[in-house]
Every structure is written in C-alpha cells, then in structure tokens.
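Structure record follows, encoded as structure tokens.
The values are calculated or read from the model by the stated rules, or taken from the named source; none is laboratory data. Just so it is clear, the structure is predicted and the values come from calculations on it, not from any experiment. Neighbour counts are summed over all protein chains in view; Cβ atoms, including those assigned to glycine, are modelled from backbone coordinates with ideal geometry. The accessibility values were calculated without ligands, DNA or RNA, using every heavy atom of the protein model including side chains. Shrake-Rupley method; radii C 1.70, N 1.55, O 1.52, S 1.80 Å.
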Amino acid sequence: MERALAEAEKAAAAGEVPVGAVMVDGDSGEVLAAAHNLVETARDPTAHAEMLVIRAAAQRLGAKHLAACDLYVTLEPCPMCAQAIALARLRRVYYGASDPKGGSVEHGPRIFTQPTCNHRPEVYGGFEEVRAALLLRDFFRARR
C-alpha cells in the first residue's frame, strides 16, 4: 500500500485526483505494475489507476485473467474499476479509503455481491485509510 500511496502523491502533484494502484503477483510478491490516475493528463475517462495497472499486468503476463494477482489501491474502486477487477478475475483487492459517494465495493452498487458478477475477489478495506483519505481531502480542499 505504501507504493500505491506514493503513486497517489504523484497524481496529486500532476493535478490528478490522488488515487494510486499497484498490481502484485500474489504468490511471489513481485510488483507487476504501478500507476496513478491519468484521467486529466490523458483526457481519458477510463484512465483510473486500477484500469491502468490491470492493463499493464495483463500485457506483461500475456493473460486476460489475473487469478494469482492482488490489487492495492488507495480508494474504494468505482463501478467501472470493480467490473474490470471481476473480469480480470483478480484474487484479492486491498483498498485504503472508503468512497461512500462513488465506490462500488462496499457502497453503491456493490458490484461483487451482484448475481450477475462472474467473479468475486477477496476484498479488504481500510489499509492506510487515514492517510489515503487525507490525500484526497487535501487535494479537493486546495481546489475549492
């Protein structure tokens, strides 16, 4: 999670919403990909940190299913990212701050509990939650 938080700090410095993500091989602990939000920079609404690391890890491993991979992300995933996590069949998701407004794992549509969801990863929230939430709070406070 430390590396994901470092990515979130890079995002904030670049004027992006400070969310960072890291994809790890769950068996070896090897970091497969790390990224932060690039929505503004790339002018791409899908350039969320989670999407970027899923794409990079899939390309690196040459596989569309990442069943042995674990995702660390600083914010509860949104519906788009949660569905991508399910489609990629990630093993585990660890996230920092909860997102009652835009999250979809423990809030909103709760994607992984839907009967139409084809895969349900193990989910663990609250890792470095205070630090992750503070990054977001400070970012948005500075823009108001």
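Roughly how many Å² is the accessible area per residue of the chain, as a whole number, for a 1.4 Å probe? Intermediate values should be presented prior to the final figure.
On the way: 7250 Å² over 144 residues.
Accessible area per residue, the chain: 50 Å².
Looking only at region 49-129, where both bridge partners belong to it, what percent of the DSSP beta bridges are antiparallel (to the nearest 5)?
Within region 49-129, antiparallel bridges account for around 0 percent of the total.
Given springs between every Cα pair under 10 Å in a Gaussian network model of the chain, which of 95, 124, 72 has the largest fluctuation?
Residue with maximal mean-square fluctuation among 95, 124, 72: 124.
Which one, 88, 73, 45, projects farthest toward the positive side of the charge dipole computed for the chain from Cβ point charges (K/R +1, D/E -1)?
45
For a quick protection proxy, order the peptides 80-91, 131-142 by their average other-Cβ count within 10 Å, most packed first.
Working: 80-91: 20.8, 131-142: 15.2.
Per-residue Cβ counts within 10 Å, averaged per peptide and sorted highest first, yield 80-91, 131-142.
Return the long-range amide H neighbours of residue 26 (sequence gap of 5 or more, or a different chain), with a cut-off of under 5 Å between placed amide H atoms.
69, 70
With all protein chains present, how much of the accessible area of the chain (probe radius 1.4 Å) comes from carbon and sulfur, to the nearest whole percent? Don't jump to the answer; show the numbers that get you there.
Numbers: 3870 of 7250 Å².
Roughly 53 percent, rounded to a whole number.
Let's see if you can work this out: charge +1 on each Lys and Arg Cβ, -1 on each Asp and Glu Cβ, no other charges. What is the dipole magnitude of region 1-119 about its Cα centre, in debye to the nearest 20? Each step should come with its number before you reach the end.
On the way: 11 positive and 14 negative charges, 77 e Å.
Around 380 debye, computed over region 1-119.
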